[in-house]
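Only one structure is covered here, and it is reproduced in the block below.
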Amino acid sequence: MAKFYSALPISFGGVEVSSRKHLARLPDDFHICLEFIGNVDTVVTCVGLCHGQASADQVGVSASRNPATGEVTVTLDDRVSYPLLPSPDIDITMTIVLKQNGEITYTGNTTRFPRITVLERSDGGSWRQVYQSNPWARPFYYQTPLWLFGHTPTFVVTHRIVPATP
Amino acid sequence: MQLLSLTVELIWSLPLIVLSVLVSQTLFKITQTARPTLGVMSGTGLGILYAVAISLFAGPMVTAVAIPLLPFMATVGALAGLLSNTENLRQAIKPPRVYVFLGGALFLWIGFFALRDNITSSNSYRVVVVKRNTLSESLQWDTSGGSINLSEVERKRVQEAIGSIDGGLLTPVLSLNSDEHPHRTVIIVMISDVSKPIHFTMPDSGVVIFIQDQDGTWREDRCGAQPGRNDLTLVPVSGSNVTRIQVAGPFGTQSSEVSISHK
């Protein structure tokens, strides 16, 4: 049911402040890769996940699909490795809804991670970036204290994974 | 999990407690009398500065704490400044001063959450990409259904912005929301994927429509919406007929990809 893929290249994006440099040793990029095999109009036979984090083996991942509604729920559990930092790890909850007309909706929220990318592909095609959140990419460093007023980022992405049947 | 986050937060506050106590005791030595208000105010100020310093170091990770860092540190600093001296504490718990302190703490916390909600709301957005297939002679919306909803007003505005001379079948192909109730909407009508980066400015509020013409040029219909601070960029993804939609704001960037030229 679930396929795990090899890690994608890790990069640390655009943080030039020297005091933060040691943070570069922390895992800084996380990829969730979902592969859909089969015609979405009829049935999805496979949901795959991949991750680009060095120590992501400890992450609890679960995926389930309701055959009646076509709703797939993917949950990645929280984890703590660095006690003196406020858990700079994965905290992502995502619900994926597949519809019979080929539409797919991702709803979720992410925290505690520099960058998260959700990728998908269908029937062995090329990977497509569904969503990427990069909270470290900021135009001005002096705006950083705005994060004191930051919320858990929520995202809702809807698109068609296959063309609708005419 | 929450308990661990709270423990980490308390460990982080230890330097602030020490600093706040030292400052309060120094003030007591200088003035030779108990000054509870001065202790509370200096502790609050130190707490705010301390939270800002942590945010400059930790960036977005400050959102991972159990209790919001700014009011937490301000409160811890104020309490440390107050409790550093028994005479300070004795005077502070007497009415009406105790009510002033409690009122100030309430104002700090309520004000923080109100400001946070305001900042979050003003930065929320919805981006909808509409594919325009120009093979259709008349301008009409794809009625095959789907959950990418545009209101009737928005659909009418899109049609008016495109103009009655040009035809095309309009199909919403992507919706990217940053919040359940976004404060502003950007509708991008595309005929083909872009070949070079295109930059737009997001509105402060309301709805803005960006339209790609057949020759690849862009025009916009703001309909009174004022330009905001966040940027919207369309970036071609090399080696593929894919366009990346990227929104940059004070809380970083979010992006998604869409393929318009794909049949």
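Since every read-out is calculated from the coordinates, none of them should be taken as a lab result. These numbers were taken from a predicted model, which means no experiment stands behind them. Cβ atoms come from the backbone with ideal geometry, glycine included; neighbour counts cover every protein chain shown.
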_Virtual paramagnetic centre 7 Å along Cα→Cβ of A:Thr154, amide N under 19 Å, in the stretch B:203-247_ = B:206
_Give me the net charge for the shell around B:Glu257: Cβ to Cβ below 15 angstrom, other residues only, Lys and Arg +1, Asp and Glu -1._
+3
*Sort B:Val52, B:Val62 so that the residue with the fewest other Cβ atoms within 10 Å of its own Cβ comes first and the one with the most comes last.*
B:Val52, B:Val62
*Using the 10 angstrom Cβ neighbour count as an exposure proxy, how do B:Leu89, B:Leu79 rank, fewest first?*
B:Leu89, B:Leu79
*After finding the eigenvalues of the alpha carbon gyration tensor for the stretch B:126-258, what semi-axes result from the square roots of 5 times each, listed largest first in whole Å?*
22, 18, 14
*Among DSSP beta bridges whose residues both lie in the stretch B:126-258, state the antiparallel percentage, nearest 5.*
65 percent
*Given just the C-alpha atoms of the stretch B:38-80, how large is their convex hull per residue in cubic angstrom?*
47 Å³
_B:Ser144-B:Leu102 FRET efficiency (beta carbon distance; Förster radius 51 Å; 0.05 resolution)_ = 0.30
_chain B, dipole about Cα centre (Lys/Arg Cβ +1, Asp/Glu Cβ -1), debye to the nearest 20_ = 1080 debye
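Which length gain, in nm to one decimal place, applies between B:Leu89 and B:Trp218 when the Cα-Cα distance is subtracted from 0.36 nm times their residue separation?
Length difference between fully extended and current span is 39.8 nm.
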*With unit charges on the beta carbon (Lys/Arg positive, Asp/Glu negative), name the residue among B:Pro68, B:Gly45, B:Ile93 whose Cα is farthest towards the positive pole of the charge dipole of the stretch B:2-122.*
B:Ile93
*Is it possible to state the helix-based mean residue ellipticity at 222 nm for chain B, with each DSSP H run of 4+ residues giving -39500 (n - 2.57), the sum divided by total residues, to the nearest 500 deg cm²/dmol? What is it?*
-14500 deg cm²/dmol
*How crowded by other chains is B:113-122, given as the mean number of beta carbons from other chains within 10 Å of each beta carbon?*
2
*Count, for each residue of B:174-185, the Cβ atoms from other chains sitting within 10 Å of its Cβ, then give me the mean as a whole number.*
3
*Other chains' Cβ within 10 Å of B:242-253 residues: what's the mean?*
5
